[in-house]
Every structure is written in C-alpha cells, then in structure tokens.
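Undergrad: A single structure is presented below for examination.
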Amino acid sequence: MLNIPLYCLQVDFYFGNYNRTVNTQSAVRKVRYGGYAANLHIALSLARNSVFVASNGARLNDPSVTKLIVVITDNPSANKSATQRESELIRVAGIGVVTVGVGTYLDRYELSAIASYPYTNNMLTVSTVRNLTVLADRVKRIICGGPS
C-alpha cells in the first residue's frame, strides 16, 4: 500500500485505509501539492513515527513487504542537519528511501545522502514536473523490488 505524507505536516491516508488498488489510486489522484517549504526532516519523521507503524496498517514483521519511502522534492531541505539525522533514523528502522529531485534548484549531495545505498540507483532527478512520467517505470521497479 501507499502513504503520502506531505510537507504540510499531514498524512493523506495510511496503509490500512484501502484494500483495493482502485481505491488507493483514486486517493492518490486527490492528493494536491501544498506548495510548502521543503521540510524533508518533518516528512521523514512523520513517515517513520506515524506511517510505518503497525497501528496504521504497516506490516513491519512481514519480510515479503518492502518498506520504502519515495521522496519527491523540488527544493533543498529547510533544515539540512535535521534531514540528515532523520534519514539516518529511517535507515536504522529498516526503511528504504528513493529520492526524486525535480527542477534545477536541488541539492544533489543532500538527495544522495537521503537515498538508500547505493544512491546511484536510488536517487533520480528530472528537469521539470512534466518529465516525472519518464521515471515512472524505474520507480515502479524500485518499489516492487525494494531499494537496490
């Protein structure tokens, strides 16, 4: 399943909210970009503490379920040290991270530091939002197979 924590300090839905693909896809289509600052540390913390928990439907003890976050951002984080700390805590929790940077105002070093090892496989960038579709198949393969 899929969870969408946005930088505006909310989770749009949890793992356990939907049990049919069509319902999940419909919920994803309703998510809107909030235009908030890139509080990546807050988004990562929210995912670790609220999304990837059993009480919200996460199957933490099921080895057949990939624990993965796809971070899509168009800006460097607002708090680099807190973002680095949260990305380390995410790794310790056994959650993989794929980063997708959009645009030209990116901190590639930060994106690579957040992404799971090897970052060369788990950090992706595109020049514009319109180009995100170019990455769709690659992201799907990572999601289905876990971070490489």
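Undergrad: Quick check on this structure: which one of 93, 82, 115, 136 is among the aliphatic types (A, V, I, L, M) and loosely packed, with under 13 Cβ neighbours inside 10 Å?
TA: 136
Undergrad: Separate question: Could you run through the range 69-84 and say how many residues are under 16 Å from the mean Cα position of the chain (by Cα) and of a type outside the set (Asp, Glu)?
TA: 10
Undergrad: What are the residue pairs meeting all of these: first residue in the range 132-147, first residue under 18 Å from residue 118 (Cβ atoms) and of a type outside the set (Val, Ile, Thr), second residue modelled with pLDDT of 85 or more and assigned to a helix (DSSP H, G or I), Cβ atoms under 9 Å, and 6 or more apart or on different chains?
TA: 147/121; 147/122
Undergrad: I need the full set of residues from the range 63-77 which are free of Cβ contacts under 8 Å to residues at least 24 places away in the same chain and either over 15 Å from residue 16 (Cα atoms) or in contact with a Pro (Cβ under 6 Å, 6 or more places away or on another chain) (or both), in order please.
TA: Hits for the range 63-77 are 63, 64.
Undergrad: Considering only residues of the range 48-72 that are hydroxyl-bearing (Ser, Thr, Tyr) and within 22 Å of residue 115 (Cα to Cα), which is surrounded by the most Cβ atoms within 10 Å (Cβ to Cβ)?
TA: 50
Undergrad: Mind checking which helices (runs of 4 or more DSSP H) fall wholly inside the range 53-140 and carry at least 1 residues that are touching a strand residue (DSSP E or B) at 6+ places or on another chain (Cβ under 9 Å), modelled with pLDDT of 85 or more and among the charged types (D, E, K, R)?
TA: Result: 80-92, 108-114.
The values are calculated or read from the model by the stated rules, or taken from the named source; none is laboratory data. Because the structure is predicted, anything quoted here is derived from the model rather than measured. Note that we place each Cβ from the backbone using ideal geometry, even for glycine, and neighbour counts take in every protein chain shown.
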